[in-house]
Amino acid sequence: MTDKIIENNQVSIMGKIVSGFTFSHEVFGEGFYMVDVSVQRLSDSSDIIPVMISERLIDVTQDYEGEYIQIFGQFRSYNRHEEKRNRLVLSVFAREVSFVEDECDKVKSNQIFLDGYICKTPVYRRTPLGREIADMLLAVNRPYGKSDYIPCICWGRNARFTSGFEVGGHVQVWGRIQSREYVKKLEDESTEKRVAYEVSVSKLEYLE
């Protein structure tokens with residue numbers, strides 16, 4: 001049962017470590033740490049993806065900045081309470097970790113597969129340049145009755161297709177994890193730069 005559920009959320013990323021380790025939390029004596037990994041896009045830009053790694057998978061006391069790493073795991077979410085509301089926090093949860101020489105194949109350096117259920121009505125819109133976009137929030141089941149809530153973004157005909165989906169619909173998506181900077185207005189009228197993470201969908205299937 002557990003293996004079956006893990007199959008519905010599969011991530012593979014390869015990139016360069018660009019931060020040190022910071023402590024996140026502990027479960028039954030096992031410490032989990034956060035580290036940032038820079039993953040190249042096909043263009044010259046890159047995505048900075050936060051990764052959660054157990055101290056049992058890697059020596060978190062070492063400095064690995066600049067090293068290339070391959071990670072297999074899942075894309076997970078949790079709600080962090082701040083400013084009187086909950087904020088969805090996303091990261092890659094590492095299950096397997098290995099060091100590599102450098103980025104061998106940019107096409108395969110960032111892949112994700114999700115099998116989940118639509119939990120909010122998709123929002124379809126056009127950019128000022130006429131490009132079609134649809135935002136979709138997927139609930140992906142995890143063992144022990146938990147779920148991860150993953151924002152996905154679709155383009156073009158995928159966006160048009162998604163716009164007709166209903167809440168509760170069963171969907172499979174393939175794509176890549178991307179990071180995107182935005183400016184958040186705070187209550188005191190000041191602003192703060194933040195980073196959002198989402199799945200850029202390249203292929204999707206609606207399951208009856």
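Data table
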item	result
Low-density loop cleavage sites - trypsin sites (Lys or Arg not before Pro) in region 15-66, where at most 11 other Cβ are within 10 Å (DSSP)	R56
Lysine pair count for the chain [Cα-Cα under 20 Å; pairs on different chains or 8 or more apart]	12
3J(HN,Hα) from dihedral phi, region 73-78, Karplus parametrisation 6.51/-1.76/1.60, rounded to Hz, x for glycine, proline	x, 9, 9, 10, 9, 8
Surface/4 of the Cα convex hull for region 63-174, nm²	10.5 nm²
Assigned charges on the beta-carbon of Lys, Arg, Asp, Glu; region 82-186 dipole about Cα centre (debye)	580 debye
Equivalent ellipsoid, region 13-71 (semi-axes from 5 times Cα gyration tensor eigenvalues, Å)	23, 11, 9
Gyration tensor verdict on region 2-104 (Cα atoms; rounded if a/c is under 1.5, prolate if a/b is larger than b/c, oblate otherwise)	rounded
Anisotropy class of region 97-159 from Cα gyration tensor, a/c 1.5 cut	oblate
Given charges at beta-carbon only (K, R positive; D, E negative), |dipole| of the chain in Debye	980 debye
Phi-based couplings in Hz for region 15-32 (Karplus 6.51, -1.76, 1.60; Gly and Pro marked x)	x, 9, 6, 10, 8, x, 8, 10, 5, 9, 6, 10, 10, 6, x, 9, x, 10
Additional length obtainable on full extension of the chain from R131 to K185, 0.36 nm per residue less Cα span	16.8 nm
For region 112-207, projected area of the alpha-carbon convex hull averaged over all directions, nm²	7.7 nm²
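Computed from the coordinates by the stated procedures, all read-outs in this text should not be read as laboratory data. This structure is a prediction, so every number in the text was calculated from the model and none was measured. Note that each Cβ is placed from the backbone with ideal geometry, even for glycine, and that neighbours are counted across all protein chains shown.
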